[in-house]
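Written out below as structure tokens is the structure these notes cover.
Only the coordinates and a few stated rules stand behind these numbers; no lab work does. All figures in this text were calculated on a predicted structure; none of them were measured in a lab. All Cβ positions, even for glycine, are placed from backbone atoms using ideal geometry, and neighbour counts span all protein chains on display.
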Amino acid sequence: MRMKKTMVARIFWAGAGVCLISSGLFFTGLIPLSVCAAVHVLVFPVTVLALFFWWMAGQSGGDIPFIGY
Amino acid sequence: MIAELVLATLFGLLLLGIHRKLIARIQRRPGPPVWQEILHMLKFSFKTTWVPVTASSTLFVAVVLIAIGIWTAAFYVLVSGGSLLVILGIYMLHKIVEHGFGLSSGSPYGKYGGVRSVISAASEIPLFVSVAVIAIYTHSLDLYAIIEYQQVSGPLIVAAFPAACAMFLVILSKMPFGPFSIVEAKELVSGYKTEHFGIWRAGLEVSNGLKTYVLLAVFLTVFFGPLTLPWLLTGMILLIVLLAFSCAITPMMSPFDSVTIQTMVTGLMLIYAAIVLLVVRP
Amino acid sequence: MSDPIGGVPYYILEFGDELVYFTPYTITLFLLALTFTVLVIISRPERQMDIAFGGDAYGTKEISLTELQFRRFMAIACGLASMGAMVTGDIFNFTLFTAMVGITNVGIVAAVKSHHVQDAAFQYGLVALCATVPLFGGAAVYAASTGSLSMIELMKGTLPAVPLIAKALLVIGVVGEGMAPFYAAKAEMFRAPGAPYVIMCSLSSLLIFLRVVEVVMLG
């Protein structure tokens, strides 16, 4: 399965947006901490990995990975 | 809240870096800079990444997400003053994450790391006993109730010093380069994390940072009571100094010795809990 | 200690006398069991590398489709039993689920064609078999001394106190299903290839141990 750089970028921005919005809603008192926490538990890991994939992925084809001995 | 989460992760990684630097200085080596673990995380995140051909790909990837997810949950339980039992449960489930890391790759090194993680299950029992002792004193396991108890009756580290020692030992068994860290011993290359490279390893580093922060903060909250943020951070640094000394001056034990010592500590803690139950409870 | 130790139940689902309830603690454990069960369903087993030490030879262990299907079935059954044990509000149901976890754990590795794994599974099975005696004995003492097996009733604190022996028997029963110091055979079972399935072995006993900690603190 190959994911394009633009795709992981979208996942990252969506995840970061959800995290920020839920934090904002918690600070304004619209949602309780438990809901905010549940959202972060689900979204934060995906966002972190998407961020890493985003800045790791090259625009071009990339080199051939070393397969092993 | 997301800012706190990210800062906690980075501070946890910084603590691991301090830990590593101190061990090096105690052993008269120059050692890496204190922010090395943060750099490590960034370095791994830029590496080319794929899934090994022998791996169970879904589990291989999912376990990284679960590792970050469970410690995010633990962080929020800590922040909201929730039940100590939930944090304890998450700590135990970290073991399953270790199994998942080790077993999903198909590599024998990871596999043996996972198997060692199973046989060192004895290290968690002292944690249960110290939690039981705390429950005997405070009559509740909610962190805010434990804090309230300490505001009235003074820090628990005075009243339940052996329980604090047992919990310290439990944290020590999860620290890198410690006497009990047989799951990532060098004879197994890197133990359970051998095959998780590149971004998967960077994700593991994130979870390690968060784990270190949460475990140290829980220790300070449970045994020293309410601390303001500067004191909490100072306390964590002091605790990591103590852990670094313990790790630096002890060799890594063989799996058999490690399990034997942990089982002996469990036995001692059970006797201590029985004494507390008979003396304090009535 | 009459206040619920795992937190106040969010939701109670009643089936007449039997009930299921979700506290912050049990819901965390339930979701973990669910996550890993889903993983077992969707992931294929890894191909374990086998190296002949002292030589250059290596190969991968392949799992045949029939073996995979049987082990996946057993692992899913194990996941379902763990989920049941996490949320049940009845001591007897809890012991039943625990016994079922013991049986399915043997089942998960029963199809593996490895001498060591089979031996370990047999030894584990014997210990688990013996452990069901204190397990059900504990539940019986619960029923005899309090007149109820409902955890919600025990939580209210209106029933007679549960004798220490009942709690001890229950814990011994659960420990025998695969916690320290009876997990040695389980570590051997981990030699079996097929990561998502063998992980259910340790996950189920860990979760059940975590749940029994909450159960014995009630009443």
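Starting from the eigenvalues of the Cα gyration tensor, five times each then square-rooted, give me the equivalent ellipsoid semi-axes of chain B, largest first, whole Å.
Sorted largest first and rounded, they come to 31, 21, 19 Å.
Looking at the range A:5-56 from every direction and averaging, what is the projected area of its Cα convex hull in nm²?
Averaged projected area of the range A:5-56's Cα convex hull equals 3.2 nm².
To the nearest 500 deg cm²/dmol, what mean residue ellipticity at 222 nm is calculated for chain B from DSSP H runs of n ≥ 4 alone, each contributing -39,500 (n - 2.57), summed and divided by the residues?
So the helix-based figure for chain B works out to -24500 deg cm²/dmol.
Once label points are set 7 Å from the Cα along Cα→Cβ at both B:F245 and A:T28, what is their separation, rounded to one decimal in nm?
Computed distance between label sites B:F245 and A:T28 equals 5.1 nm.
Plugging the Kirkwood radius over Cα pairs into Stokes-Einstein for the range B:40-89, at a temperature of 25 °C and a viscosity of 0.890 mPa s, what D comes out in µm²/s?
Taking Rh from Cα pairs, D becomes 185 µm²/s.
Based on the alpha-carbon gyration tensor of the protein assembly as shown and its eigenvalue square roots a ≥ b ≥ c, which shape applies: rounded if a/c is under 1.5, prolate if not and a/b is larger than b/c, or oblate?
rounded
How big is the charge dipole of the protein assembly as shown about its Cα centre, in debye rounded to the nearest 20, if each Lys and Arg gets +1 on its Cβ and each Asp and Glu gets -1 on its Cβ?
In debye, rounded to 20, the protein assembly as shown gives about 1460.
How many nm separate the modelled label positions at B:V280 and C:F70, each set 7 Å beyond the Cα in the direction of the Cβ?
Each label point is offset 7 Å from its Cα along the Cβ direction, giving 5.1 nm.
Among A:K5/B:K186; B:K47/B:K193; B:K174/C:K186; B:K211/C:K186, which pairs are too far apart, with a Cα-Cα distance over 24 Å?
Exceeds cut-off: A:K5/B:K186; B:K211/C:K186.
For B:K43, B:K111, B:K21, what's the fewest-to-most ordering of other Cβ within 10 Å of each Cβ?
B:K43, B:K21, B:K111
Across bins of 10 angstrom width beginning at 0, how are the C-alpha pair distances of the range B:41-139 distributed, in whole percent?
For the range B:41-139, the binned pair fractions read 14, 34, 32, 15, 4, 0 percent.
Nearest 10 degrees is fine. How inclined is helix C:24-42 to the longest principal axis of chain C, computing both from alpha carbons?
30 degrees
For chain C, what is the calculated [θ] at 222 nm in deg cm²/dmol (nearest 500), taking -39500 (n - 2.57) for each run of four or more DSSP H residues and dividing by its residue count?
-22000 deg cm²/dmol
For the range B:2-279, what does the relative contact order come out to in percent, with C-alpha contacts under 8 Å and a separation of six or more?
31 percent
Report the per residue volume, in Å³, of the convex hull enclosing the C-alpha atoms of the range B:126-247.
Normalising the Cα hull of the range B:126-247 by residue number yields 117 Å³.
Quick one: what do you get for chain C if you divide its Cα Rg by 2.2 N^0.38 Å?
Here the Cα radius of gyration is 1.11 times the empirical estimate.
Compare the peptides B:44-52, C:187-195, B:162-170, C:148-156 by average per-residue count of other Cβ atoms within 10 angstrom and give them in order, highest first.
C:187-195, B:162-170, C:148-156, B:44-52
Just grab the label-to-label distance for B:L227 and B:W35, each label 7 Å out from Cα along the Cβ direction, in nm (one decimal).
For B:L227 paired with B:W35, the spin-label model returns 2.4 nm.
Just want the answer: with Cβ charges of +1 for Lys and Arg and -1 for Asp and Glu, which residue in B:L243, B:Q150, B:T221 is farthest toward the dipole's positive end in chain B?
Going by the Cα projections, it comes out as B:L243.
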